[in-house]
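Scroll down for the structure; my scribbles are underneath it.
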Amino acid sequence: MKKIEAIIRPERLEIVRKALEELSYPGVTIFEVKGHGKQKGITQQWRGQEYRIDFIPKLKIEIVVLDEDVPKTLNAIARNAKTGEMGDGKIFILPVEGAIRIRTGEEGERAI
């Protein structure tokens, strides 16, 4: 099992969520996060004044998938989160040692 953590633009959430649901992974965890990458924030104007936003609002999606589903899950997230502009986000893949479904006590892959 692998845990996939994706940092995406908030406006791409619904598209990514639907793509994951089509892969039979409807369960995701979403966090509101802030940060910056290489662009180190953005400069905007309001009423003629420039101001800088150092930490840009993003969403973090976490999902645990079976090893064999990792490539198609990564593809679905990347394809649907991409705008082609700087700040589209990143995807991280981490190993998962185990899982337990609290309600039923199921363990391992059956708990996903």
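FYI, it's all coordinate maths here, none of it is from the lab. What you are looking at is a predicted structure, and each value in this text was computed from that prediction instead of being measured. Please note: Cβ atoms are built from the backbone with ideal geometry, for glycine as well, and neighbour counts cover all protein chains shown.
Charge dipole (Cα centre; +1 on Lys/Arg Cβ, -1 on Asp/Glu Cβ; no other charges) of the chain amounts to roughly 500 debye. Here's how it looks for His36: its modeled amide H is under 5 Å from those of Ile56, which are all 5 or more places away or on a different chain.
Over the Cα atoms of the chain, the radius of gyration divided by the Kirkwood radius equals 1.08; this is the Rg/Rh ratio. A Förster radius of 41 Å, combined with the Cβ-Cβ distance separating Ile112 from Gln49, puts the computed FRET efficiency at roughly 0.25. In degrees from 0 to 90, rounded to the nearest 10, what is the angle of the helix 13-22 Cα long axis to the longest principal axis of the chain? Helix 13-22 sits roughly 20 degrees off the main axis of the chain.
Take each peptide in 5-12, 90-97, 20-27, 42-49, count the other Cβ atoms within 10 Å of every residue, and average; sorted highest first, the result is 5-12, 20-27, 90-97, 42-49.
Candidates Ile102, His36, Leu59 compared by Cα position along the dipole of the chain: farthest toward the positive end lies His36, with charges placed on Cβ. Our note on the geometry: Cα centres of segment 81-100 and segment 8-37, 9 Å apart.
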